[in-house]
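The values are calculated or read from the model by the stated rules, or taken from the named source; none is laboratory data. Note that the structure is predicted; figures quoted are calculated from it, not measured. Virtual Cβ from ideal backbone geometry, glycine too; neighbours counted across all protein chains shown. These accessible areas exclude ligands, DNA and RNA; they are computed on the full protein's heavy atoms, side chains included. Shrake-Rupley method; radii C 1.70, N 1.55, O 1.52, S 1.80 Å.
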Amino acid sequence: MENKELKHQHMRYCVERPVFHEQEIGHSQPRSTNTIQSLVGAAKLKVRCSRSKAKALLFQFLPILHWLPHYPLKEWLLGDIVSGISVGILQLPQGLAYALLAGVPPVFGLYSSFFPVFVYSFFGTSRHISVGSFAVVSIMIGSVTESLVPNDNFILPGNETVIDTTARDKARVELVAAMSLLVGLFQVILGLVQFGFVVTYLSEPLIRGYTTAATIHVTVSQLKHIFGLPLSERSHPLSLIYSLVSLFSRIHKTNIGTLVVSLIALIILFAVKEVNQRFQSHLFMPIPIELVVLIISTAVSYGVNLYGNYGVGIVGDIPTGLIAPTVPNVEFFVHIAGNAFAIAVVGYTISISLAKMFAMKHRYKVDSNQELIALGLSNITGSFFHCFAVTSSMSRSLVQDSTGGNTQIAGSISSVIILVIILKAGELFTCLPRAILSAIVIANLKGMYKQFLDIPLLWRTNKYDLLIWIVTFLSTICLNLDIGLAVSVVFGLFTVTFRNQLPHYSILGQVVESDIYRDAEENTLAKEIPGMKIFQTSSPIYFANAELYAKALKMKIGVNVDKLIEKKKKAIQKRKEGLQKVINLAKMILAKTQKGIGLDFLTNKEEVIGSLKTLSESIPQSPVTLCSLGLEKLDFHSLILDFSAVSFIDTVGTKILKNIFKEFQEVEVYVYIVNCSSSVLQQLENSNFFNGNITRDSIFASIHDAVSYISSGQNSESSSLSEITAI
């Protein structure tokens with residue numbers, strides 16, 4: 001025994017002091033030499049660790065350094081080239097069109113399709129998403145530009161119908177650049193503080209309901225270009241309703257030429273897109289119908305002079321060449337901070353959702369926090385070149401994936417195509433009708449409108465998700481995009497709390513001859529075990545639902561525990577009063593006897609003595625039980641609380657749980673906890689739950705372990721449970 005103890009101490013000593021272990025167990029090497037070698041080795045290890053850590057951080061911050069050296073040219077290069085060309089062709093019309101949504105001249109849509117896309121290629125972790133302009137984000141930006149820089153501020157003196165578009169566009173471009181910078185800063189900061197988990201608070205029904213409502217905002221905003229009506233923009237609650245009223249009140253002033261051009265373009269776009277979708281497996285690449293319509297409509301507009309002869313609005317001058325970088329005006333930050341944060345979150349949510357979808361499909365991982373940083377750096381860089389905030393596009397990402405794109409080299413190639421157009425071909429689209437761009441925007445929203453099919457699906461699967469979808473949709477439609485998003489997030493969090501407050505409670509039964517336990521009401525094979533009740537909840541136990549948990553427990557087991565405890569207290573009180581009468585009578589008799597009076601003062605001596613004897617016999621000589629008090633005992637002796645779904649419990653929940661133990665012990669029922677996670681068990685210990693009459697012996701790893709223990713008769717001490725309550 002002594003040798004074992006010494007061996008144990010020696011092992012502990014060796015663990016605690018590894019540097020000097022060899023010398024102390026008998027090696028002849030001097031302590032100083034061994035210490036120096038150890039320190040040198042530790043220094044080398046520290047250097048190696050620092051280098052590897054720095055390398056890992058560099059690869060994490062610049063993912064392109066990780067995959068580019070191992071890029072398989074023969075297998076992937078051709079696919080990336082074809083994909084990049086396809087996306088670049090698609091990005092040209094979308095960039096021009098979405099610039100109108102953002103409230104800036106079309107050329108800035110081309111800038112936004114070049115600078116941010118190129119930057120993302122270096123910092124992004126997704127290999128398949130196509131970064132650039134996107135309808136939902138563009139309309140959110142447009143709502144801000146039209147609110148802070150409205151047309152009414154630029155009406156020329158003496159003519160209320162003419163607007164100084166040059167001054168207006170310049171002011172809007174400055175505002176948009178400042179917003180892009182602030183959006184990018186928000187995204188980078190959130191990424192650096194590991195805030196990528198924010199996307200978990202934006203559930204899929206919320207995102208789909210929000211983007212569906214934003215799609216309607218986008219469509220309504222383009223109707224003025226489809227009908228050729230000069231309408232002012234609105235950006236406030238119920239602005240969508242006001243815009244529709246304003247549109248229909250002036251519908252009689254529709255420009256017929258513009259409407260004809262729009263309808264022809266829409267019919268062609270929808271028809272060819274349907275062909276692309278149905279025959280996508282047989283097509284080498286989707287037919288670039290947007291580019292075809294863009295070129296043909298520009299040629300027709302130039303040849304027929306649609307602007308001069310029919311009053312069809314055109315894009316106008318598109319300057320060629322890159323613009324010099326400038327620092328955005330930070331004075332706008334005060335006015336756009338809230339909108340910029342909403343755009344940052346929505347843009348990131350859309351991007352990370354697409355990135356995770358493609359990562360799952362192609363079996364690789366994306367870093368949520370690095371995606372925030374990559375998107376933020378893309379927007380920050382773009383802000384110096386007057387770009388508006390960007391995110392991923394569903395349509396372009398699908399094209400990039402379906403045409404063989406494997407890495408962000410495809411994105412770089414698409415940005416190079418846009419660069420060529422900016423430098424050389426931009427001025428060719430001067431005669432492009434604005435109605436064509438609006439038609440392209442509306443045609444690309446077809447997939448978004450299909451999200452209305454979520455309603456019947458969610459009705460069948462999950463009513464709570466359906467409620468989130470509808471509330472998000474209606475609040476975004478009525479309150480505009482920024483306020484609607486805030487309301488949607490708050491409501492989504494409220495539903496989580498509401499569901500935790502009203503969880504599913506059930507009494508479990510055992511499936512015959514097995515260790516499986518299921519809801520006895522829902523499963524006919526599950527039968528309750530005689531003498532036991534197994535209670536299960538589907539949520540944590542905390543301040544919002546702790547009282548409901550206790551009430552549901554008592555209701556499910558079908559016993560009014562509070563009433564039974566009250567009856568027991570009254571019976572005990574009655575016994576105590578009887579005992580007090582006996583004591584008082586005995587004291588009186590003793591006092592009379594001591595004075596020599598005797599018992600002659602009693603009129604019926606035998607009757608009084610008999611009553612005294614009866615009362616004395618009724619005094620409990622053992623602990624009080626329900627049976628001894630004349631109360632009916634419960635039909636079960638053990639209560640098992642299943643904590644398999646309890647992820648946490650707070651101090652309020654712990655107090656309620658203590659009361660449950662105490663109350664059921666009062667009515668002679670043992671309480672056990674099963675399937676309790678280590679974190680919940682630690683929370684119980686930290687709250688001093690295990691003290692007095694509650695011990696760790698009441699904790700079991702599983703329901704079957706507790707049932708086996710109770711059934712084996714090892715809880716025979718339950719007969720002594722009533723000792724808790726004594727006179």
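The simple spin-label model puts a point 7 Å past each Cα toward its Cβ; for Val292 and Thr695 those points are separated by 8.3 nm. Residues in segment 429-439 carry Karplus couplings, in order, of 9, 4, 8, 5, x, 4, 4, 5, 5, 5, 5 Hz; the curve used is 6.51 cos²θ - 1.76 cosθ + 1.60 with θ = phi - 60°, and Gly or Pro positions show x.
Taking the Cα centre of segment 44-108 as origin, sum charge times position over the Cβ atoms of Lys and Arg (+1) and Asp and Glu (-1), and report the length of that vector in debye to the nearest 20. Don't skip to the end; give the middle numbers.
Values: 7 positive and 2 negative charges, 175 e Å.
Result for segment 44-108 is approximately 840 debye, rounded to the nearest 20.
Send over a whole-number figure in Å² for the accessible area per residue of segment 350-432, probe 1.4 Å. If you can, show how the numbers build up before the last one.
Numbers: 2890 Å² over 83 residues.
Roughly 35 Å² per residue, with all protein chains present.
Computed over all pairs of different Cα atoms, the Kirkwood value for the hydrodynamic radius of segment 648-690 is 10.9 Å.
Taking label points 7 Å from Cα along the Cα-to-Cβ direction, Val420 and Val490 give a separation of 5.2 nm.
Accessible surface comparison of Arg696, Arg168, probe 1.4 Å, protein chains only, largest first: the order is Arg696, Arg168.
Farthest toward the positive end of the dipole of segment 124-171, out of Pro157, Gly132, Gly142, is the Cα of Gly132, where the dipole comes from beta carbon charges about the Cα centre.
Using θ = phi - 60° in the Karplus curve 6.51 cos²θ - 1.76 cosθ + 1.60, the 3J(HN,Hα) couplings for segment 260-265 round to 5, 4, 5, 5, 4, 5 Hz; x is entered for Gly and Pro.
Each 10 Å bin from zero up to the one holding the largest Cα-Cα distance in segment 232-310 carries the following percent of pairs: 15, 29, 28, 23, 5. For segment 145-187, the normalised intensity computed at q = 0.16, 0.24, 0.29 Å⁻¹ comes to -0.47, -0.78, -0.96 (log10 of I(q)/I(0), Debye sum over alpha carbons, equal scatterers, no solvent). Under a 5 Å amide H cut-off, with hydrogens placed 1.01 Å from N, Ile640 pairs with Lys533, Ile534, Phe535, Tyr672 among residues at least 5 apart or on other chains. Here the extension length gained between Gln573 and Val260 equals 103.3 nm, from 0.36 nm per residue of separation less the Cα-Cα distance.
Cα-Cα over 27 Å: which of Lys463/Lys556; Lys563/Lys658; Lys170/Lys273; Lys527/Lys655?
Working: Lys463/Lys556 25 Å; Lys563/Lys658 19 Å; Lys170/Lys273 36 Å; Lys527/Lys655 31 Å.
Cα-Cα > 27 Å for Lys170/Lys273; Lys527/Lys655; rest within.
So, R0 is 22 Å and r is the distance between the beta-carbons of Phe61 and Phe197; what FRET efficiency does that work out to, to 0.05? That gives a FRET efficiency of 0.70. For segment 309-366, chymotrypsin sites (Phe, Trp or Tyr not before Pro) are listed when DSSP marks them as loop and at most 16 other Cβ atoms sit within 10 Å of their Cβ; the list is Tyr364. Taking all protein chains together, Val441, Val327 sort by accessible area into Val327, Val441, largest first [probe 1.4 Å]. In order along segment 272-284, the Karplus-derived 3J(HN,Hα) couplings, from 6.51 cos²θ - 1.76 cosθ + 1.60 at θ = phi - 60°, round to 5, 5, 5, 4, 4, 6, 6, 10, 5, 6, 9, 9, 5 Hz, and Gly and Pro are given as x. Rolled with a 1.4 Å probe across the full set of protein chains, the surface gives His128 an accessible area near 0 Å².
Among the GluC sites (Glu not before Pro) in segment 433-540, those located in a DSSP loop and surrounded by at most 13 other Cβ atoms within 10 Å of their own Cβ are Glu513, Glu521, Glu522.
Estimated from the Cβ-Cβ distance and a Förster radius of 56 angstrom, the FRET efficiency linking Tyr364 and Asn305 is about 0.60.
Would you work out the Kirkwood radius for segment 336-463? I mean one over the mean of 1/r across all pairs of different Cα atoms, in Å.
Working: mean 1/r = 0.0568 Å⁻¹.
When all Cα pairs of segment 336-463 are included, the Kirkwood radius is 17.6 Å.
Potential lengthening of the chain between Ser249 and Ala54 amounts to 63.8 nm, from the contour at 0.36 nm per residue minus the alpha-carbon distance. Ranking Gln683, Ile699, Ser638 by Cα position along the charge dipole of segment 633-717, where only Lys, Arg, Asp and Glu carry charges on their C-beta atoms, puts Gln683 farthest toward the positive end. Each Lys and Arg contributes +1 and each Asp and Glu -1, all at the Cβ; summed about the Cα centre of segment 652-696, the dipole is approximately 140 debye. Computed about its Cα centre, the charge dipole of segment 130-192 is approximately 220 debye, with only Lys, Arg, Asp and Glu carrying charge at their Cβ. Over segment 190-262, the ratio between the Cα radius of gyration and 2.2 N^0.38 Å evaluates to 1.59.
Accessible surface for Thr461 stands near 90 Å², nearest 10, in the context of the full protein assembly shown (1.4 Å probe). Along each principal axis, taking the top coordinate minus the bottom one, the Cα set of segment 437-534 gives 73, 26, 17 Å in descending order.
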